[in-house]
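Scroll down for the structure; my scribbles are underneath it.
The values are calculated or read from the model by the stated rules, or taken from the named source; none is laboratory data. In this text the structure is predicted, and so the values were computed from the model without any measurement. All Cβ positions, even for glycine, are placed from backbone atoms using ideal geometry, and neighbour counts span all protein chains on display. In case anyone asks, the SASA skips ligands and DNA or RNA and just uses the protein heavy atoms, side chains included. Shrake-Rupley method; radii C 1.70, N 1.55, O 1.52, S 1.80 Å.
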Amino acid sequence: MNCNHFRFVERHRPFRDLTFKFYDDGRLAIIDNGSHSSVTPSELKGESRDFYVRQRIAFIKKNLASKAQRYA
């Protein structure tokens, strides 16, 4: 199973350093690199939430395109 890792450092308080792991099956893991704790999408705000939403939309588009090509 493939996983795409992205690191995102917030530019505004609380300046969290986050790692996003997007798995091919749709699963997601968000890790706060400072505290080594898991973060849920509902805990994201501002830039980090925008980043998550953009990456999730890109994943959905890619997934739909591959399914359309496979079943067309």
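Using the Cα centre of the chain as origin and beta-carbon charges of +1 (Lys, Arg) and -1 (Asp, Glu), tell me which of Leu44, Ala68, Met1 is placed farthest towards the positive end of the dipole.
Ala68
Against the longest principal axis of the chain, how steep is helix 46-71, in degrees 0 to 90 to the nearest 10, with axes from Cα atoms?
That works out to roughly 10 degrees.
With every protein chain left in place, what is the accessible area of Phe59 in Å² (1.4 Å probe, nearest 10)?
Its heavy atoms expose roughly 50 Å² to the probe.
If you look at just the Cα atoms of the stretch 3-71, how large are its Rg and its Dmax in Å?
13.4, 46
How big is the dipole moment of the chain about its Cα centre under a simple scheme where the beta carbon of each Lys and Arg is +1, that of each Asp and Glu is -1, and everything else is neutral? Debye, nearest 20, please.
Charge dipole of the chain: 280 debye, to the nearest 20.
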